[in-house]
Amino acid sequence: MLDFKSVDDLARRLSDLLPPGLGAAREDLQKNFRSALQAGLGRLDLVTREEFDVQRAVLLRTREKLDALERSVAELEAQHNSDAD
């Protein structure tokens with residue numbers, strides 16, 4: 001999800017970098033900056049920090065479960081091998 005407030009802020013800061021003589025064109029350029037930034041960032045399929053953190057937590061839980069399952073399988077294999085002897 002794209003944060004439009006940040007895009008607006010970045011577009012404003014870019015337009016503030018323009019020379020003072022372009023005062024009349026500054027607003028148009030700011031709108032163009034905003035549109036270009038939204039289009040470019042929209043194609044990147046970005047996620048919010050919250051979405052990232054949620055997925056990170058899911059991945060960590062999955063990793064813990066996988067580690068536990070690997071330990072269980074190793075124990076069962078060891079038990080099976082000792083029973084076979």
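Numerical summary
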| item | result |
| --- | --- |
| For the chain, built as a Gaussian network whose Cα springs stay under 10 Å, the top-fluctuating residue of Ala74, Ala11, Ala25 | Ala74 |
| Rg(Cα)/(2.2 N^0.38 Å) for segment 1-46, N = residue count | 1.20 |
| Residues Asp83, Asp53, sorted so that the one with the fewest Cβ neighbours within 10 Å comes first | Asp83, Asp53 |
| Test item: Cα-centred dipole of the chain, Lys/Arg +1 and Asp/Glu -1 on Cβ, debye | 820 debye |
| Estimated Rh, the chain: Kirkwood, alpha-carbon pairs, angstrom | 17.4 Å |
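Just so you know, all these numbers are worked out from the coordinates, no wet-lab data involved. For clarity, every value in this text was computed on a predicted model and none was experimentally measured. Positions of Cβ are backbone-derived with ideal geometry, glycine not excepted, and every protein chain shown enters the neighbour counts.
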